[in-house]
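Peer 1: Before I ask anything, here is the structure I am working with.
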Amino acid sequence: MSRAYRVSFIEGDGIGPEIFASARSVLETISECHPNLNFDFIPTPAGDATLAKSGEALPRDSFIKISESDLCLKAPVGETARETIIKIRQDLDLFANIRPARNYDFIESKFSNVDLVIVRENTEDLYVGREFEEEDGRRATALKVTTEKASKRIAKMAFDTALSRAKTAPQKSPAVVCVQKSNVLPMTDGLFMKSCGSIAEGYPSVKYSTMYVDTAAMNLVRNPESFDVIVTSNVYGDILSDEASQIVGGLGVAGSANIGNEFALFEPVHGCAPDIAGKGIANPLSMIFAAKMMLEWLGMKRNDLNCISAAKLVDQAVSAVGGDRILTPDIGGNSSTLVVTKAICKNIKESKDGGEENYDYRGKNRMSAKNEATVTTTNKQDVLLKW
Ligand code: ATP
């Protein structure tokens, strides 16, 4: 069946427009290869430049178009994150922020076999944005909000993710660690931990443990391969995911998904990197991986196997191009954003037939990529993700 997905997009600030253009080229190349898979790109301006132009960081028209689309693909914005991405996450209830970190063959790392995912609660905690000033600005307070409802639903997402990852990679035993600081914050973080613990009872096949956030930060640089799924609250998740991305190659390869019940937004983990904006050296892989997660989510949500196959093609193309050392400087190469993008698109076109062969539409996993299969299906109704 032919489908055109309505992709609202935010080009953002700094390197945003450069890396968004890369991801868009990749998706357009995918459409050329898959006549049954099309994307209608709907511009929804937001961010610092939009604020300067229109007086609003997230104009109402953009917000309405985003909420009416199938999903949003967002490049990073600058100083207006609070008015844009945090508002979208909260208003559209995109409660789960999924941030994978895994080793790639083509990026040197101190560690090997890192394959973890951070499942970060996305709507509460200190990022509810309730700050107060007193004493003429000499005293400031921020509210940290934790509810049982939000904590339980993020915990459920984490356990489901662990099970799904284990099904697609049977050598992995599913494990969830709840990261918090309940010894210092017994009410807020205590409630988060208690809620995760109660959800854990429903998943006896998943190993469950708890860890304080400072210990988790230490273990991430000591033995990151020991982690499978980390479930944590908003601020800790923000910080730990930057750390985790650095372990496997840096922010330039870190994509993420913000998932709600029916809608999702995909974006790089990083900010708009003003220090390298306009230089043509921004790594587009973070945005391309965000687009790949978009394809995987669509595949799962809409049972569209074309999307799953497309995500696979993207993965294979990135691995092949990385293997040829066509990389931006941040990960040890000397190629430009454009050169990397063109190489990936070329590889997708050339390997299209091979990519489709590697995907068995009847349902069984039969993938030949060098890197681990990221998606498998057991039948058309049951597309499993391994973020
Ligand atoms: P924010 O607080 O908005 O997340 P930040 O202050 O953490 O932003 P980033 O914009 O994320 O900063 O950038 C941090 C560093 O990582 C900068 O040196 C930047 O150049 C680098 N960086 C981020 N993204 C990329 C990318 N896609 N390619 C290459 N380098 C990047």
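Every number in this text was worked out from the coordinates using simple rules, so none of it is lab data. All values reported here derive from a predicted model rather than from experimental measurement. As a convention, Cβ positions derive from the backbone with ideal geometry for all residues, glycine included, and neighbour counts pool all protein chains shown.
Peer 1: May I ask for the Rg/Rh ratio of segment 110-247, computed from Cα atoms with Rh as the Kirkwood radius, given to two decimals? Can you show the working numbers first?
Peer 2: On the way: Rg = 15.9 Å, Rh = 15.6 Å.
Reported Rg/Rh, Kirkwood definition of Rh: 1.02.
Peer 1: Could you compute Rg(Cα) / (2.2 N^0.38 Å) for segment 60-141, with N its residue count? Write down the numbers at each step before the final one.
Peer 2: Details: Rg = 17.9 Å, N = 82, 2.2 N^0.38 = 11.7 Å.
Scaled against compact globular proteins, the figure is 1.52.
Peer 1: Further, regarding this structure: Under the rule of -39500 (n - 2.57) per DSSP H run of 4 or more residues, summed and divided by the residues of the chain, what mean residue ellipticity at 222 nm is obtained, to the nearest 500 deg cm²/dmol?
Peer 2: Values: 11 runs with 154 residues, N = 387.
Only helices count here, giving -13000 deg cm²/dmol.
Peer 1: What list of ³J(HN,Hα) values in whole Hz, one per residue of segment 10-17 in order, does the Karplus curve 6.51 cos²θ - 1.76 cosθ + 1.60 (θ = phi - 60°) give from phi, with Gly and Pro shown as x?
Peer 2: The phi angles translate into 10, 7, x, 10, x, 7, x, x Hz.
Peer 1: On to the next question. Count charges around Arg222 for me, please; just the other residues with Cβ under 14 Å from its Cβ, Lys/Arg as +1, Asp/Glu as -1.
Peer 2: On the way: positive: Lys110; negative: Asp214, Glu225, Glu243.
It works out to a net charge of -2.
Peer 1: Could I ask something else about it? Sequence-distant or interchain residues sharing an amide H contact under 5 Å with Val77, placed H: which?
Peer 2: The list, which skips near neighbours in sequence, is Asp13.
Peer 1: Find the relative contact order for segment 1-98 and round it to a whole percent, using C-alpha pairs within less than 8 Å whose residues are 6+ positions apart.
Peer 2: Averaging sequence separation for qualifying contacts and normalising by length gives 38 percent for segment 1-98.
Peer 1: Neighbouring Cβ atoms within 10 Å as the yardstick, rank Asp93, Asp330, Asp61 fewest first.
Peer 2: So the ranking, lowest neighbour count to highest, is Asp61, Asp93, Asp330.
Peer 1: Within 10 Å of each residue's Cβ, count the other Cβ atoms and sort Phe289, Phe263 from fewest upward.
Peer 2: Values: Phe289 25, Phe263 19.
Sorted ascending by nearby Cβ count, the order is Phe263, Phe289.
Peer 1: Let me ask you something else. What is the distance in Å between the Cα centroid of segment 267-338 and that of segment 1-76?
Peer 2: 15 Å
Peer 1: Continuing with the same structure: Long-range amide H contacts for Cys272: which residues qualify at under 5 Å (H placed 1.01 Å from N, peptide plane, sequence gap of 5 or more or a different chain)?
Peer 2: Result for Cys272 returns nothing.
Peer 1: At 0.36 nm per residue, and after removing the present C-alpha to C-alpha distance, how many nm does the segment from Asn261 to Arg130 gain when stretched out fully? Before the final figure, lay out the partial values.
Peer 2: Details: separation 131, 0.36 × 131 = 47.16 nm, distance 2.53 nm.
Contour length minus Cα-Cα distance gives 44.6 nm.
Peer 1: Quick one: Karplus J couplings for segment 235-242, per residue in order, coefficients 6.51, -1.76, 1.60, θ = phi - 60°, nearest Hz, x for Gly and Pro?
Peer 2: 6, 4, x, 4, 6, 5, 6, 5
Peer 1: With the crude spin-label approximation of a point 7 Å out along Cα→Cβ, what separation in nm comes out for Ile64 versus Arg138?
Peer 2: So the label points at Ile64 and Arg138 sit 4.8 nm apart.
Peer 1: Can you put Glu79, Glu56, Glu135 in order, fewest other beta carbons within 10 Å first?
Peer 2: By the 10 Å Cβ count, ascending, the order reads Glu135, Glu79, Glu56.
Peer 1: Step by step: find N for the chain, compute 2.2 N^0.38 Å, then divide the Cα radius of gyration by it. What's the final number?
Peer 2: 0.95
Peer 1: Using a simple spin-label model with points 7 Å from Cα along the Cα→Cβ vector, what separation in nm is obtained for Gln171 and Val221?
Peer 2: Each label point is offset 7 Å from its Cα along the Cβ direction, giving 2.9 nm.
Peer 1: Bin width 10 Å, origin at 0, all Cα-Cα pairs of segment 180-250: what percent of pairs per bin?
Peer 2: With a bin width of 10 Å, the distribution comes to 18, 49, 29, 4.
Peer 1: Which whole-Hz couplings ³J(HN,Hα) result when phi for each residue of segment 133-141 is put into the Karplus expression 6.51 cos²θ - 1.76 cosθ + 1.60, θ = phi - 60°, listed in order with x for Gly and Pro?
Peer 2: 10, 9, 6, 6, x, 8, 9, 9, 10
Peer 1: Check the chain for me: any Cys whose beta-carbon has no other cysteine beta-carbon within less than 4.7 Å?
Peer 2: Lone cysteines by the Cβ rule: Cys33, Cys72, Cys272, Cys307, Cys345.
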